[in-house]
Every structure is written in C-alpha cells, then in structure tokens.
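Peer 1: Before I ask anything, let me first share the structure, which is written out below as structure tokens.
The values are calculated or read from the model by the stated rules, or taken from the named source; none is laboratory data. It should be emphasised that the depicted structure is a prediction, and the values quoted were computed from it without experimental measurement. Quick reminder, even Gly has a Cβ in these numbers, built from the backbone with ideal geometry, and neighbours come from all protein chains shown.
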Amino acid sequence: MPEWLGLLRSLVIYWRPGRQRRLRQFYQPLVCPGDLVFDIGAHLGDRTLAFATLGARVVALEPQPQLFSWLNHLVGRHAKVTVRTEAVGRAVGTAQLAISRRTPTVSTLAKAWRQQIPETNPSFRHVRWDRVVDVPVTTLDALIDTYGLPNFCKIDVEGYEAEVLAGLSRQIPRMSLEFVSGSLDIAVNCIRRLNELGPYEFNAVPGEQRYFVFDRWITSNHLLEWLGAGAKSISSGDLYAQLAQQPH
C-alpha cells in the first residue's frame, strides 16, 4: 500500500468532525490551563490540539518522518505547542523504528512486541511492518530537564511503554499509557515501574471510548488483578495513573 493511503486513513480517523470536542470533554478534568503536557507518540496531533485548546503547554514527540511533517503542519504553529521528532526510551541515542505504511498508528521501536503481537492479538494479524528507519531517541528525564515536570504525560508507543518509563526517575502527577490485549505483560511492567516511583492509583479506558472502566480510582493491586484476568477481553485501550493525593 502507498504510504499516503495509510496517512489518509489516520487523518480520517483522528481528525473526523466532533472528535476534538469529545477529547476536550474527556481531558478537561485531567488537564488544566497553564499545565505542561508531554504527548509521547503524538501521531497526527489530535490529542496535542485538545490539550493545547484546554490551555496547556504541550511538547509533542513523533519520530515517524512523514507523520512528523503533518504533525508540524497541523499543530506546530499553535502558540502553546512544541513539536519534536524524537522517539522516547530508556536512554538517549538512536534506535530503529519499524513503520507500517498501511497502518502507521502501529509503527514501533519494540522488536519483540512486533514479532509477538500478530500471534496473540487477532486485530494485528494483517499488519505488515514494511519499512525501517533510524530515529533519534530521548528520555522523559531529558525532556523534564529541558521543559520542566509535566502535569500530565500521554504515552502511546505500541509496545514500548515500559522502555519509556525506564527513562523516568521522577513522579509525574498524571499519566496515560496504552495497553494491548496479547501483550498485557507490558502493562503489568508499567504498573510495577510506576509503583516504584510513587503512590499511584489507576483507571482504564477501553479502545477509543471516552469513559473510565471503573467508577473510582483503584489500587495497583486491583488493576493488576484486572489485567491478570484478561482486562475484560478489551482489545486495546489506555491505563490512567495519578498520584494518590491528586484531586479526582
């Protein structure tokens, strides 16, 4: 498939009418005017724009070369947005990014995840990673040194979430991390890493929905039990974490 068709698919999905309004409604209790937000794996910047429209300063990172050009075009001129072309991992350097031209949303630095996930999650059976590029890598700690501690950090990096958290040594008040059925061990490792950093409590959102699975924030043990039981067979979604002393 030509690369532009995958890009067009992402534009249709993530910039369809009404999506921005729904994103702002969901994130409004989590992101306040004046907050600093890191958007790790910004893709085409739909969440970046929602955060900025809510009044946050946003640092958005997207390592895919073609997507970065569109990210810069779509949101890079916003006064509250800074765009960067790095990936994020456990150490500063370079890494190989495997790109799926048909489905650029699942491009990844996680080689083992890429090899495993088509066998463990049916929705990935037809994904092909058909291009590899070298990309620069930074860390969350390095970003904090440059911009300050964010109030919220969104991480969506297709199986590389634990590697991103390995490059963090400070408590970020609120975070979100993608989870995917068939690789829930990565989510478990992320929860354990956050437990090492501070007293976090958790919730989850299924797929691209705009509601929490649990009617209250839960402990890490409760969330680990939920993940261990298969996360209600949810194919993918996002885990949300906040320091326990944060207002709900």
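Peer 1: Quick check on my filter: what residues within the range 196-248 are assigned to a helix (DSSP H, G or I) and either on the phi < 0 side of the Ramachandran plot or buried (at least 17 other Cβ atoms within 10 Å of the Cβ) (or both)? I'd like the intermediate steps shown before the answer.
Peer 2: The first filter runs over the range 196-248 and keeps only residues assigned to a helix (DSSP H, G or I), leaving 196-197, 220-228, 231-233.
Answer for the range 196-248, where residues must be assigned to a helix (DSSP H, G or I) and either on the phi < 0 side of the Ramachandran plot or buried (at least 17 other Cβ atoms within 10 Å of the Cβ) (or both): GLU196, LEU197, SER220, ASN221, HIS222, LEU223, LEU224, GLU225, TRP226, LEU227, GLY228, ALA231.
Peer 1: Among the residues of the range 10-55, write down those that are farther than 25 Å from VAL88 by Cα and out of contact with any helix residue (DSSP H, G or I) (no Cβ under 7 Å at 6 or more places or on another chain).
Peer 2: Once the filter is applied, which keeps residues that are farther than 25 Å from VAL88 by Cα and out of contact with any helix residue (DSSP H, G or I) (no Cβ under 7 Å at 6 or more places or on another chain), the range 10-55 yields VAL12, ARG16, PRO17, GLY18, ARG21, ARG22, GLN25, PHE26, GLN28, PRO29, PRO33.
Peer 1: Condition check: out of contact with any helix residue (DSSP H, G or I) (no Cβ under 7 Å at 6 or more places or on another chain), aliphatic (A, V, I, L, M) and crowded, with 17+ Cβ neighbours inside 10 Å. Does VAL135 satisfy that?
Peer 2: Taking the combined requirement at face value, the residue satisfies it.
Each row is one residue, and each column tells you yes or no for (1) of a type outside the set (Ser, Thr, Tyr); (2) free of Cβ contacts under 8 Å to residues at least 40 places away in the same chain; (3) surrounded by fewer than 17 Cβ atoms within 10 Å (Cβ to Cβ).
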residue: LEU7; (1), (2), (3): yes, no, no
residue: TRP15; (1), (2), (3): yes, no, yes
residue: LEU30; (1), (2), (3): yes, no, no
residue: ILE40; (1), (2), (3): yes, no, no
residue: GLY45; (1), (2), (3): yes, yes, no
residue: ALA50; (1), (2), (3): yes, yes, no
residue: GLY55; (1), (2), (3): yes, yes, yes
residue: ALA60; (1), (2), (3): yes, yes, no
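Peer 1: Among the residues of the range 136-179, which ones are under 24 Å from ASP46 (Cβ atoms), among the β-branched types (Val, Ile, Thr) and assigned to a loop (DSSP other than H, G, I, E, B)?
Peer 2: Those that are under 24 Å from ASP46 (Cβ atoms), among the β-branched types (Val, Ile, Thr) and assigned to a loop (DSSP other than H, G, I, E, B): VAL157, ILE172.
Peer 1: Report, by residue number, each residue of the range 180-199 that is more than 27 Å from PHE124 (Cβ to Cβ) and in contact (Cβ under 8 Å) with a residue 40 or more places away in the chain.
Peer 2: Filtering the range 180-199 for residues more than 27 Å from PHE124 (Cβ to Cβ) gives 195-199.
Hits for the range 180-199 are GLY198, PRO199.
Peer 1: On to the next question. Can you name every one of the helices (runs of 4 or more DSSP H) wholly within the range 12-111 that holds 3 or more residues which are at pLDDT below 95? Steps first, answer last, please.
Peer 2: Details: elements: 19-27, 46-53, 65-75.
Ranges flagged: 65-75.
For every residue, the table says whether it meets (1) in contact (Cβ under 8 Å) with a residue 24 or more places away in the chain; (2) among the hydrophobic types (A, V, I, L, M, F, W, C).
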{"position": "GLU158", "(1), (2)": "yes, no"}
{"position": "ALA162", "(1), (2)": "yes, yes"}
{"position": "ALA166", "(1), (2)": "yes, yes"}
{"position": "GLU201", "(1), (2)": "yes, no"}
{"position": "PRO206", "(1), (2)": "yes, no"}
{"position": "PHE212", "(1), (2)": "yes, yes"}
{"position": "ASP215", "(1), (2)": "no, no"}
{"position": "ALA231", "(1), (2)": "yes, yes"}
{"position": "TYR240", "(1), (2)": "yes, no"}
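Peer 1: Tell me, please, whether a residue that is among the charged types (D, E, K, R) and touching a Lys or Arg at 6+ places or on another chain (Cβ under 6 Å) can be found in the range 193-206.
Peer 2: Step one: of the range 193-206, the residues among the charged types (D, E, K, R) are 193, 196, 201.
If we keep only those that are touching a Lys or Arg at 6+ places or on another chain (Cβ under 6 Å) too, we end up with none.
There is no residue in the range 193-206 that is among the charged types (D, E, K, R) and touching a Lys or Arg at 6+ places or on another chain (Cβ under 6 Å).
Peer 1: Can ARG21 be described as surrounded by fewer than 17 Cβ atoms within 10 Å (Cβ to Cβ) and closer than 15 Å to THR103 by Cα?
Peer 2: Values: surrounded by fewer than 17 Cβ atoms within 10 Å (Cβ to Cβ): yes; closer than 15 Å to THR103 by Cα: no.
Criteria not met by ARG21.
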